[in-house]
């Protein structure tokens, strides 16, 4: 199942690790096999992992390209990832894992947002381009894997499941929890 969560402070303030932790705690049932967080200035990504394709630590997320330009948090399955991997290897990409997540990440590095047109599957994802300082949120064409988002003050908050915060939560307004 997995689950993704994240924040982007549009005013430029730093992402709050405590908020990411509360967000991933709220979706702990989505991924019992691991948890990951990453902050980069105003951006924060969280991930809960349910390891299916690649059970090794190499499949952990959030996942970054070797040069650090792209950062991905991803939920779902791209059914044609093996074919895409073969195509990416043919143009010089190398892989550390057997996961479809790494194929998705490197597809974006190779083809930009056109990579979305090549994916056959069900997914929700967030991709941060550190060089351009841009965030791409996307989901599969049919919406099998949902992706929710909301503005809370100057912060964009997003996640693959709807997660109800606790009543004591201070990451958003109580009437929005």
Quiz item: For residues in region 131-153 being over 14 Å from the mean Cα position of the chain (by Cα) and not in a strand (DSSP E or B), which is farthest from residue 40 (Cα to Cα)?
Solution: 142
Exercise. Could you grab me the full set of residues in region 64-79 that are in contact with a helix residue (DSSP H, G or I) (Cβ under 6 Å, 6 or more places away or on another chain) and modelled with pLDDT of 95 or more?
Key: 65, 70, 72, 78
Practice problem: Please find, within region 99-126, the residue that is farthest from the chain's Cα centre (by Cα) out of those that are surrounded by fewer than 23 Cβ atoms within 10 Å (Cβ to Cβ) and part of a strand (DSSP E or B). | Solution: 121
Practice problem: Would you tally the residues in region 96-133 being touching a helix residue (DSSP H, G or I) at 6+ places or on another chain (Cβ under 8 Å) and more than 21 Å from residue 158 (Cβ to Cβ)? | Solution: 10
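Tell me which residues, restricted to region 30-43, are part of a strand (DSSP E or B), out of contact with any helix residue (DSSP H, G or I) (no Cβ under 9 Å at 6 or more places or on another chain) and either closer than 15 Å to residue 73 by Cα or modelled with pLDDT of 95 or more (or both). So that I can check it myself, show each step before the final result.
Filtering region 30-43 for residues part of a strand (DSSP E or B) gives 32, 34-40, 43.
In the following step, the residues that additionally are out of contact with any helix residue (DSSP H, G or I) (no Cβ under 9 Å at 6 or more places or on another chain) were identified as 32, 40, 43.
40, 43, listed by residue number.
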Practice problem: Would you mention how many residues in region 127-143 are more than 23 Å from residue 9 (Cα to Cα) and either surrounded by 17 or more Cβ atoms within 10 Å (Cβ to Cβ) or in contact (Cβ under 8 Å) with a residue 24 or more places away in the chain (or both)? | Solution: 1
Self-check item: Residue list for region 16-29, restricted to those being assigned to a loop (DSSP other than H, G, I, E, B) and buried (at least 22 other Cβ atoms within 10 Å of the Cβ)
Solution: 27
Quiz item: Only one of (1) outside any helix (DSSP H, G or I); (2) modelled with pLDDT of 95 or more fails for residue 84. Which number is that?
Solution: (1)
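Check whether at least one residue in region 56-63 is more than 20 Å from residue 137 (Cα to Cα), at pLDDT below 90, out of contact with any strand residue (DSSP E or B) (no Cβ under 7 Å at 6 or more places or on another chain) and assigned to a loop (DSSP other than H, G, I, E, B), and report yes or no. Before the answer, list the steps.
So in region 56-63, the residues more than 20 Å from residue 137 (Cα to Cα) come out as 56-59.
From what's left, at pLDDT below 90: 56-59.
From the residues that got through so far, the ones that are out of contact with any strand residue (DSSP E or B) (no Cβ under 7 Å at 6 or more places or on another chain) too are 56-59.
This time we only want the ones that are assigned to a loop (DSSP other than H, G, I, E, B), so: 56.
Within region 56-63, one or more residues are more than 20 Å from residue 137 (Cα to Cα), at pLDDT below 90, out of contact with any strand residue (DSSP E or B) (no Cβ under 7 Å at 6 or more places or on another chain) and assigned to a loop (DSSP other than H, G, I, E, B).
The values are calculated or read from the model by the stated rules, or taken from the named source; none is laboratory data. Because the structure is a prediction, the values reported are computed rather than measured. Virtual Cβ from ideal backbone geometry, glycine too; neighbours counted across all protein chains shown.
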